[in-house]
Structure formats: structure tokens, C-alpha cells
1. So if I check each of 123, 118, 142, 132, which one is closer than 14 Å to residue 68 by Cβ and of a type outside the set (A, V, I, L, M, F, W, C)?
2. Considering every residue within the range 27-38, establish whether at least one is touching a strand residue (DSSP E or B) at 6+ places or on another chain (Cβ under 7 Å), in contact (Cβ under 8 Å) with a residue 40 or more places away in the chain and in the same structural domain as residue 121 (by TED's automatic domain parsing).
3. Here is a check on your reading of the model: is residue 27 over 22 Å from residue 120 (Cβ atoms) and at pLDDT 90 or above?
4. Condition (residue is assigned by TED's automatic domain parsing to the domain that holds residue 21, surrounded by fewer than 20 Cβ atoms within 10 Å (Cβ to Cβ), of a type in the set (D, E, K, R) and at pLDDT below 90) applied to the range 45-57: is it met by at least one residue?
5. Scan 150, 121 and give me the residue that is surrounded by fewer than 21 Cβ atoms within 10 Å (Cβ to Cβ) and closer than 24 Å to residue 23 by Cβ.
6. Name the residue that is farthest from residue 76 (Cα to Cα), counting only residues in the range 186-209 that are surrounded by fewer than 17 Cβ atoms within 10 Å (Cβ to Cβ) and hydroxyl-bearing (Ser, Thr, Tyr).
Amino acid sequence: MAQPAVPSPQKIDRIKVLAAESTRMNSQLLAEALTQDCRLEVMGIEPKPASIMAAVAQQKSNVVLISSTMEDSGTQGFELTRQISATYPATRIILLMDTCHPAAVVQAFRCGAQGIFSRTESSKSLAKSICSVHHGQVWANSEELQYVIEALRTPEPMRLLDSGGEPILSKREQDVVRCVAEGLSNREIANRLGLTEHTVKNYLFRIFDKLGVSSRVEVVLYVFRFHKEWMGASAGNQGSVGKSGPKLLALPRRQRVG
């Protein structure tokens with residue numbers, strides 16, 4: 001007598017997740033915790049931008065979890081989110097944050113994140129957020145969404161902030177960056193701000209480190225990209241300097257600190 005056919009179990013298409021926490025060990029621990037959910041296929045990776053970008057391309061990840069802080073930088077996670085979002089628009093991104101400061105929340109979504117997740121919540125909630133984001137939803141609580149709505153009502157452009165909602169650069173460092181964008185030499189910057197050339201060089205090294213750049217030209221490009229409010233909108237103001245600083249981007253005369 002013929003035996004009735006037994007239907008084979010249906011194969012589950014698991015969500016490919018890449019976990020990039022603040023340290024390699026934390027990435028592995030997070031991956032191990034999430035693999036308890038049968039819907040997820042998780043790989044932990046070291047928190048280095050080049051490694052993360054390569055893994056996203058090779059693994060064809062559906063969702064990437066990125067720590068807002070990595071490599072001792074409070075903004076690296078935001079910039080990496082921006083890069084992944086621009087290069088792999090189909091990949092969903094969730095930013096892992098220690099604190100959900102209003103400015104940091106808004107910055108996360110501006111950079112292209114589809115969700116933000118506080119580390120104070122459980123891994124079970126994180127698994128739920130991954131599935132929700134993978135299916136096209138936005139993951140944020142009502143308070144965080146209110147931050148975004150309030151930001152849309154505010155016409156003033158926001159400065160790039162760290163994960164705690166604080167400006168990356170001090171007021172004096174911003175003054176130096178404005179002078180660099182205007183094309184002033186170290187000596188000219190020192191004269192304008194009442195500093196020594198040695199002090200200007202020290203400011204520049206700190207600015208390079210905070211912005212993750214290595215030349216004056218990159219500083220100018222950074223200003224042009226993230227701080228357009230420092231510049232004028234009209235080409236007719238080229239070279240003019242008002243009370244609020246330079247009005248139009250000018251390439252610096254040098255590409256080194258000294």
C-alpha cells in the first residue's frame with residue numbers, strides 16, 4: 001500500500017543581518033544573541049568602515065546594524081550610514097545608540113537610517129525591529145518620531161552632531177574651519193583670530209582628527225557638504241567676508257597643516 005506523501009518543511013528565507021557594534025567583541029556577542037531568532041542570519045564584524053562596506057557588498061546584507069560610535073569617533077556611525085545608504089539603497093540600516101538625544105535622532109534619519117535602537121532595550125526587541133525595517137517599516141518610538149517632525153518644522157539647517165547631540169567642533173575650531181574655507185594661510189588665520197601659528201596648527205590637527213580627514217582641502221569639502229549655512233548661496237558674493245564669516249567657498253592655498 002502506497003504511503004501518503006509527507007510534505008517537506010517549507011524553507012524559510014532568513015534575513016541577512018550584519019552587526020557592527022562599537023567593538024569586535026560586542027559585534028560577535030550581538031550576533032550570537034540575535035542568531036537565537038530563526039528568522040535571522042547574523043554575522044558580526046569589526047567596527048571598521050572599510051570592512052563593513054566590503055561585507056555589505058559581499059554578503060548582500062538585508063539589514064545592517066551600526067553603532068553610532070565606533071573607533072573612538074562620535075560621528076563615524078552616522079557617516080557610514082550615509083555611505084551605505086547612498087551606495088546600497090536597498091540595504092536597510094538601524095543605528096544602535098546609547099542615548100536618543102533629539103538632534104542625534106534627527107541626524108540618524110537624515111543620514112539614511114530606517115530605524116534607531118536604544119541599547120537599553122532587549123535583543124528580542126532588536127530582532128523585532130530588524131524584521132520590521134526589513135519589511136519597509138520605520139523603527140522609532142512616538143517620542144523619537146516627534147523629534148523628526150519638529151525638525152521638519154524648523155527652517156534653520158542643523159550642524160552635524162555627535163551621538164550625544166553635541167557639536168563636533170568647539171566654537172574656536174569652527175572659527176578656524178571658516179578661515180580655512182576662505183582660503184587663509186596659517187599665518188593669516190593666526191592674525192585674524194589673535195593666535196600663534198603653532199596654536200593654529202594644533203587646532204587643525206584636532207579638526208582633522210574629529211572630522212576624519214587628512215588635508216585642508218578635505219576640510220573645505222566637509223564644510224561645503226555639511227555646513228552650507230556657513231556659506232552664501234549666491235556666487236555674486238564671492239570673496240566677500242561679512243560679520244558672520246566667509247560667504248562662498250574658496251579653495252585653500254595649501255593642502256597641508258604647516
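1. The match here is 118.
2. Looking for residues that are touching a strand residue (DSSP E or B) at 6+ places or on another chain (Cβ under 7 Å), in contact (Cβ under 8 Å) with a residue 40 or more places away in the chain and in the same structural domain as residue 121 (by TED's automatic domain parsing), one finds at least one in the range 27-38, hence yes.
3. no
4. Within the range 45-57, one or more residues are assigned by TED's automatic domain parsing to the domain that holds residue 21, surrounded by fewer than 20 Cβ atoms within 10 Å (Cβ to Cβ), of a type in the set (D, E, K, R) and at pLDDT below 90.
5. Unique residue meeting the criteria: 121.
6. Ranking the candidates gives 196 first.
The values are calculated or read from the model by the stated rules, or taken from the named source; none is laboratory data. As the structure is a prediction and not an experimental result, all values here were calculated from the model. Cβ coordinates were reconstructed from backbone atoms using ideal geometry, including for glycine residues, and neighbour counts include every protein chain displayed.
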